[in-house]
Each structure stands twice: as C-alpha cells, then as structure tokens.
C-alpha cells in the first residue's frame, strides 16, 4: 500500500480507472444484452440498451440453431491436443535448458527467442504450401501441430525459468538414491513445478482456443471449423442473427476468462517471460 | 551447476527442434524462396524470378499506402495505449475497495480473442440502426445515422479504438507489475522530502518504470503490428484497401488474389522489419535486471 493521502490526485486516478473499465466492459455488456433479445428486437429503431422481452432461451436454442456444439468440440479437441503436444515437448526441452549442458545450447536458446518475434503472417504462406504438400489442409491435425509449435518457444522459456528456481540438491539426492535423470524429472521436478505447468498449459490452451488467422487459412469445410472460425462464419450469412452470434461469442469467452482468473498472478510474468529473460 | 550430459540434453531438445524447425523455420525458407520465384496461384514455385517480386512492390502504390497505414496504426495504438495505461496502472496500485473487481473486469477484453472483440464492435457500429447511432441521435449529437465502418476516417477511428481497448489490459497489468517492484522506501523518502504525488510520480516512479515501459512498448508494437483480426473483421480493408494493414494486405494478395510471389516478398520484408525489433530486444535484455517482472 502506498501512503498517499486521499487527495485530489487519488480521486482523479480512480475516476480515470472507472472510465477506462466502463468503456472496456461496455461492448461485453451490450453483447450480453443483444444475446438475450428475440430476433424481432434486433433491428428495432431507435435501438434500446436493454431487451423488452428477455429471451433467455437463446442460450439454449443457439446450440441447435447453428452448429455451435460442433465448433466448440472442434476447438476443444484442437486446443487440448495442441496443449498436450506442447507440454510433452516443452517439459524435456525446458529441463535440458535449466539443468544440462549440451552442444548448441546457446544457439537453441537464441533460436527459440527469435521465433517469438516472428509474425504469424510471415510463416503463413510457407506453412500453407507445406500443409498442402503433406495433404493436411482442411484437416484439424494441421492446426494441432501448428498451434503446438507456435506456443512451444514460450513454454520452453517459461518452464526453464521455473525449473532453474528449484534447488538442484533435491534432484541430486534423488539421483544419489538411484533415480535416473528421467526419473528425477518425473518424480521430483514435475511434482514441484505444478504452478508453472498449469500456467504454461493454460497459455498454450488459450492461444489455440483464440487463434483465428491460421484456422481461416487452413480450414475450408464447415464441419471442421474451430469456434472462432465458426463465429466468424455467421457474418457471411444473408441476414446475420446477431443475438445468436453474441451468445456464441460470450460462450467462447467463458472458459478463457475462468482460466485467466485462475492464473492471474502469472499472466504478466508469462507474457513478458520470453522478452525479458 | 548444470551437468554435462550432451546426449541426454540433445535427446531432450530433439522433439522441440524438429517441430519448431518444420513449422517455423522451414516455412520461412519456403517463403523466402517464393519471394525470388514466379509462383502460380496454387503456391507452387515455377522458376527463378530474381528480384521481380520485390521490384513489383516498389511500383505497387497500394502496398506503399498500406505500409504507411500500418505504421500509423501501430504508432497510434501503441502510443495511446501506453499513455492511457500509465494512469490505469497507477490507479490499480492504489489501495481501494473494489480493486479486485476492477482488475477482473479489465481482464475481459484480454480474455476474449481479438476476433471476438472485433465482432462485438462490428455489431455496435453496424449499419444505420446501431446502438451508437441511436444513442448519439437521441442525445442530438448527430442528425443522421453515420455508417461508421463505411468511410475511411470513421473506420480508422473505430479500428484504432478497438486496438487500444484490447491492448490496455496487458499494458496496464504489465506496468502495474513494474510499479509494484518500485521499493516503497523510495516513495516514503520522496514524501519526507515533501514531494507531492505528481512530483514523486515524475521524478521517482516514471524513471524507475523506464525498463518495464520499454519492454511493454516493444511487445505491444509486435502484437499490434500483427493484429490481423481487427481490421479483417471490422472492414476487411474496405474501402479499396484504405483500412488494410500489412498483415491483412498480404493475406488478401496471397489467399484471395493468388499472388503468392509478391505476397511472399512482402512477408520477407515484414520478417526483416520485425527481426530488427528483436535485435533491439536483445539489447533491452540488459535492462532485465532492473525489471521487476521476471
């Protein structure tokens, strides 16, 4: 706590914060208000801030009015598999960076850092060509592999940083007792790294869950659409059903919001990890 | 001390090296090759083209304008976001009732993807009957509905506003973390010296926030530069490429118009531009020790 008196500057700062929070939250509040309107109220003029009839059933009917369940399942499968692949590769690599010496370590560290500065659009053209060559276009496997790879550098950095903070003596004691290197990693280091594993897994999941541009490029069959792509495809319809669109958008946010609040303390630390390290 | 176990070490990084090699480094090589080739509309290279694709860019007036638009967009969003986020971070650092709620609410635009943010704003601004038009007309601020996303100036205002709103959470949280690393003794010393809030902000807080401000700004530059979904969902570059940024323009050239050669040349240009930034970053890492966030 700062020992400022509650003078004018105190109130000015809080008023400014209130204004920024209000403007930031306004679109989501209005999205909620839209999602609870019957269709007839969407384009009434003058527009109203609140629905006249509250169509709570929209959140039920949206699942059958559009293939929302399909999109959600696609996104879940892609994001979970991408996260698992990401973790399976990041854990040993992060551990190697933290604990082992091997030729090319410096190069590996630098190369990972550089990949974080790449613009996905720079990769997109070459990646499209590659996925075409291996016949994975319009296949959700292409998204799993790509998402796992693009969040990998971050996960390795993040986990390496955490592993380094664990006292090495504990592992040495375990290895003295006959544990192998892999055994020490699995039985000693990983159980002690739960917060870091959760945070890096959550980051990989959210990244995959929210990704739009690559999915837009790779996926063409409606049945293969991930949730962001599915929501976007509402816009192409002859008459956009904004109430359903807003309901779907809010449904898409909920899991991320829960995960974000779960790892709030690690949020900033995580997002700047690669850059500051 | 790290152990010297070369084989185990290499084995442990092997999966990562392969995956990142195939999905990140190989496509860049492929894009680079395409940029020096004639490429058909199926993204297949058909022959060496020298610098033709790059030369084509210089005579592409749309490209040059989109480049200027991208710089404008990035500078405007990052600049305004930073200026807004400093007082937001200062406020979040104060001790007040509802602080947790304010933080939770501020996270929402960050948790929602860029695409979702953009799509909600498209609805808010959509057509004649939008809530914004209705409200402004009721307040008699405008007589006629404005098609906000229909003309260049108002569309840019909208795109930039959305860009700022989605960037504020990360920026202010990051600055807040930097602020919290400023030892409170420094404030107390300033207070004892009789410095007021603004004086201590200007002479103590701001200089100490310099490293975190630099890192946050550079990260924001990269994020904002790459924010494909915002212009894509709001205007798709209309009217006539006037609200495109480089990433959306490259996407259109490649995947809508089948011009993979020139698109690859643009992508390489971006690659070099952002690499220059990443080199700046490696300088910045020297500031690392001073940054509170690890």
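Exposure proxy ranking for A:177, B:60, A:138, based on other Cβ atoms within 10 angstrom of each Cβ and starting from the fewest, stands as A:177, A:138, B:60.
Is the shape of region B:49-174 rounded, prolate or oblate, going by the alpha carbon gyration tensor and its root eigenvalues a ≥ b ≥ c, with a/c under 1.5 for rounded and a/b larger than b/c for prolate? Before the final figure, lay out the partial values.
Working: a/c = 2.60, a/b = 1.33, b/c = 1.96.
Judged from the Cα gyration tensor, region B:49-174 comes out oblate (a/c at least 1.5, b/c at or above a/b).
Given a cut-off of under 8 Å on Cα pairs at least six residues apart, what relative contact order in percent is computed for region B:1-88? The normalised contact order for region B:1-88 reaches 13 percent. Compactness ratio for region A:67-276: Cα radius of gyration over 2.2 N^0.38 Å (N = residue count) comes to 1.16.
The mean number of Cβ atoms from other chains found within 10 Å of a Cβ in peptide B:90-100 is 5, as a whole number.
Highest GNM mean-square fluctuation among B:276, B:264, B:155, for chain B modelled with Cα contacts below 10 Å: B:276. Helix A:120-133 versus the longest principal axis of chain A: what is the Cα-based angle in degrees, 0 to 90, to the nearest 10? It works out to around 80 degrees. Using only alpha-carbon positions in the protein assembly as shown, the gyration tensor eigenvalues give semi-axes of 37, 33, 25 Å once each is multiplied by 5 and square-rooted (largest first). The calculated 222 nm mean residue ellipticity attributable to helices in chain B amounts to -21500 deg cm²/dmol, summing -39500 (n - 2.57) over DSSP H runs of n ≥ 4 and dividing by all residues. Listing A:232, B:54, A:95 from fewest to most neighbouring C-beta atoms within 10 Å gives B:54, A:232, A:95.
How high is the relative contact order of chain A, in percent, with contacts defined as C-alpha pairs under 8 Å that are six or more residues apart?
Numbers: 253 pairs, mean separation 81.3, N = 277.
Averaging sequence separation for qualifying contacts and normalising by length gives 29 percent for chain A.
Residue exposure proxy: B:116, B:80, B:131, A:219, ordered by other Cβ atoms within 10 angstrom of their Cβ from fewest to most, comes out as B:80, B:131, A:219, B:116.
If you run the Gaussian network model on chain B, springs between alpha carbon atoms under 10 Å, then out of B:36, B:225, B:12 the most flexible one is B:12.
From its DSSP helices (H runs of at least four residues, each -39,500 (n - 2.57)), chain A gives a residue-normalised ellipticity at 222 nm of -22500 deg cm²/dmol.
Evaluated at 10 °C with a viscosity of 1.306 mPa s, what Stokes-Einstein diffusion coefficient in µm²/s does region A:8-58 have when Rh comes from the Kirkwood expression over alpha-carbon pairs? This corresponds to a translational diffusion coefficient of 124 µm²/s.
How do B:245-253, A:37-45 rank on mean C-beta neighbours within 10 Å, highest first? The partial results should precede the final answer.
On the way: B:245-253: 24.3, A:37-45: 14.4.
Top to bottom by mean Cβ count within 10 Å: B:245-253, A:37-45.
GNM remark for chain A: springs join alpha carbons under 10 Å apart, and the peak mean-square fluctuation among A:20, A:78, A:186 falls on A:20. For chain B, the Stokes-Einstein estimate of translational diffusion at 25 °C and a viscosity of 0.890 mPa s comes to 109 µm²/s, using the Kirkwood hydrodynamic radius over alpha-carbon pairs. What is the Cα centroid distance between region A:14-34 and region A:133-148, reported in whole angstrom? So the two Cα centres are separated by 38 Å. So how tilted is helix A:152-164 from the main axis of chain A? Cα-based, degrees 0 to 90, rounded to 10. Its long axis makes an angle of about 50 degrees. What do you get for the angle between helix A:68-99 and the principal long axis of chain A? Use alpha-carbon atoms, 0 to 90 degrees, nearest ten. The answer is roughly 20 degrees. Centre-to-centre, using Cα atoms only, region A:164-186 and region B:69-123 are separated by 43 Å.
Scale the Cα Rg of region A:158-199 by the rule-of-thumb value 2.2 N^0.38 Å and send over the ratio, two decimals.
Working: Rg = 10.2 Å, N = 42, 2.2 N^0.38 = 9.1 Å.
So the Cα radius of gyration is 1.12 times the expected 2.2 N^0.38 Å.
Based on alpha-carbon centroids, what's the gap between region A:40-118 and region B:20-68 in Å, whole number please? A separation of 29 Å, based on Cα centres. Shape analysis of region B:105-212 places it in the prolate category; the axes a ≥ b ≥ c from the Cα gyration tensor give an a/c of at least 1.5, with a/b above b/c.
The value of relative contact order for chain B, using C-alpha pairs under 8 Å at least six residues apart, is 29 percent.
Computed from the coordinates by the stated procedures, all read-outs in this text should not be read as laboratory data. Source: prediction; values computed, not measured. Glycine gets a Cβ as well: all are built from the backbone with ideal geometry, and neighbour counts include every protein chain shown.
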